[in-house]
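No value in this document is a laboratory result; all are computed from the given coordinates. As the structure is a prediction and not an experimental result, all values here were calculated from the model. Don't worry about glycine lacking a Cβ; one is built from the backbone with ideal geometry, like all the others, and counts go over all protein chains shown.
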Amino acid sequence: MSDMKTNEMKAKIDEIGGAGTSDKIEGKTNEMVGKAKQAVGEQKNDEKLIAEGKAQEAEGVLGHMIGNVKEYAETAIDAAKEGAHNVADKVKDIFDGDDDNQKSSKK
């Protein structure tokens with residue numbers, strides 16, 4: 001599969017599942033394939049295959065972690081945007097004379 005097609009597919013997965021979803025899926029897949037390579041390597045007494053499996057498993061763990069970071073970053077960005085909108089609404093209310101604090105102090 002071409003890199004462009006792969007990137008389009010990953011973008012669609014992230015659009016549906018949220019930021020980092022495609023990285024987490026790819027990471028878990030690499031972890032599982034890496035573990036399988038290690039198991040086969042141990043059965044065949046193939047040190048090279050065992051090493052490849054360990055490397056692929058580590059790559060998978062890292063990919064999954066990257067997916068988590070992307071997810072947490074998206075959550076933080078969304079919270080910051082919401083907070084900024086709340087502040088903007090409060091400032092607008094003050095300038096429009098709709099501030100609850102002003103109303104209570106006028107009583």
TODO: Distance check, please: which entries in K70/K90; K12/K90; K5/K44; K5/K28 exceed 32 angstrom between their Cα atoms?
DONE: K12/K90; K5/K44
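Give the Rg/Rh ratio for the chain, taking Rg as the radius of gyration of the Cα atoms and Rh as the Kirkwood radius, to two decimals.
Taking Rh as the inverse mean 1/r over Cα pairs, Rg/Rh reads 1.40.
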Task: P(r) tail fraction, the range 28-89 - alpha-carbon pairs more than 19 Å apart, % - done: 51
Open item on the list: Cut-off 10 angstrom, C-alpha nodes, Gaussian network model of the chain. Which of D96, D14, D46 fluctuates the most?
Closed with: D96
- [ ] Place +1 on the Cβ of every Lys and Arg and -1 on the Cβ of every Asp and Glu in the range 3-106, take the dipole about the Cα centre, and give the residue among G41, A19, A51 whose Cα lies farthest towards its positive end.
- [x] G41
Task: D46 long-range amide H proximity, modeled H, under 5 Å - done: none
Open item on the list: Rounded to the nearest 20 debye, what is the charge dipole size of the chain about its Cα centre when +1 sits on each Lys and Arg Cβ and -1 on each Asp and Glu Cβ?
Closed with: 120
Task: When the convex hull of its Cα atoms is projected in every direction, mean area for the range 1-50 (nm²) - done: 4.2
Open item on the list: For the pair M4/E59, report the inter-label distance in nm, with labels modelled 7 Å from Cα in the Cβ direction.
Closed with: 2.4
TODO: Please identify, among K70, K90, K28, the residue showing maximal mean-square fluctuation in a Gaussian network model of the chain using a 10 angstrom Cα cutoff.
DONE: K90
TODO: Measure out, as a whole number of angstrom, how far apart the alpha-carbon centroids of the range 41-88 and the range 22-38 sit.
DONE: 11
TODO: Would you look at the GNM of the chain, springs on alpha carbons closer than 10 Å, and say which of A58, A73, A84 moves the most?
DONE: A84
